[in-house]
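*Asks:* Mind having a look at this structure? Questions to follow.
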Amino acid sequence: QRSQAGPHYEFPLRTGIEPNFKVINPTAPPTGRLGTLTLSQVLREAYPGAVYYYMARPYRVQELRYRMGEIRVRRERRYTTKPQLQNIVFPKFQGGTFRLLANETAFLAETELQVSERVTGFQEQRGPNVMPHVYGPDSPYSQRPLTRFLETTGVCWYLPERRLISEPIALQILEAFCLCCGVETRDLGAGIF
């Protein structure tokens, strides 16, 4: 009954699991609202100190009010920022493995995972100049990293040849999977376990 117009309207996949944040510029009339973001989007676009673009206009993220679900911004120049992300993967091999291919020296497993994503700071680019910014006690934006834990599934592998288990190789496999299966690369991730 509730989903007659389509289940995606009543049961949104992207926003049903994680919190949403209203982006607010108190000086912008009439409501000051500049959209809504999921926590996943916040980690990539609107973390503390980020230059967030809304309708092609740049805004600096001044404050993330996690419990209130708000992000406070102010107008900014056309700088760009890129988050410093750390992804750590914790496979649940014991009891969470769906499929396993293995020999004496290597394995490939589809398994349940817990993923930790952390923004530890960002790089800001002003023309040709790139300036790093690390969150900590001296930061005007955040005194600690922004962290998210996520339960999901994924594919883990180990090979004795160390160069074949690097993050660049994993990202190439991820891109190939996305092209083959029609999935957006921003909906997936890669990390070391």
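The values are calculated or read from the model by the stated rules, or taken from the named source; none is laboratory data. Note that the structure is a prediction, hence the values are computed from the model and not measured. Heads up, the Cβs are rebuilt from the backbone with ideal geometry, glycines too, and the neighbour counts pull from every protein chain shown. The protein model used for the area step is the full one, side chains on, heavy atoms only, and it has no ligands, DNA or RNA in it. Shrake-Rupley method; radii C 1.70, N 1.55, O 1.52, S 1.80 Å.
*Asks:* Starting with the highest mean, order 105-118, 128-141 by the number of other Cβ atoms within 10 Å, averaged over the residues of each peptide. Can you show the working numbers first?
*Replies:* On the way: 105-118: 16.1, 128-141: 11.5.
Sorting 105-118, 128-141 by mean packing, highest first, produces 105-118, 128-141.
*Asks:* Just to check I understand the Karplus step: with θ = phi - 60° and J = 6.51 cos²θ - 1.76 cosθ + 1.60, what whole-Hz values come out for the range 130-146, glycine and proline as x?
*Replies:* Coupling constants for the range 130-146: 10, 10, x, 9, 10, 5, x, x, 8, 6, x, 9, 7, 8, 8, x, 9 Hz.
*Asks:* Which one, Leu179, Leu34, Leu85, has the greatest fluctuation when you compute a Gaussian network model over the chain with C-alpha springs under 10 angstrom?
*Replies:* Residue with maximal mean-square fluctuation among Leu179, Leu34, Leu85: Leu179.
*Asks:* Would you mind working out the accessible area per residue for the range 27-100, using a 1.4 Å probe, and quoting it in Å²?
*Replies:* Working: 4610 Å² over 74 residues.
Value for the range 27-100: 62 Å² per residue.
*Asks:* Next up: Can you tell me the orientation of helix 167-181 relative to the chain, as the angle in degrees between its alpha-carbon axis and the longest Cα principal axis, to the nearest 10?
*Replies:* 90
*Asks:* Now for a different question. So what are the three principal axis dimensions of the range 24-138 from its Cα atoms, in whole Å, longest to shortest?
*Replies:* For the range 24-138, the Cα extents along the three principal axes come out at 62, 34, 30 Å.
*Asks:* Where the centroid of each part is defined by its Cα atoms, how far is the range 125-193 from the range 37-75 in Å?
*Replies:* What the calculation gives is 20 Å, centre to centre.
*Asks:* Of the heavy-atom accessible surface of the chain (probe 1.4 angstrom), what whole percent is carbon and sulfur? Kindly include the intermediate steps, with their values, before the conclusion.
*Replies:* Numbers: 6950 of 13080 Å².
The C+S portion of the solvent-accessible surface of the chain is 53 percent.
*Asks:* Looking only at Cα atoms, what is the convex hull volume of the chain per residue, in Å³? Write down the numbers at each step before the final one.
*Replies:* Values: hull volume 38.0 nm³, N = 193.
Enclosed volume per residue, from the Cα hull, is 197 Å³.
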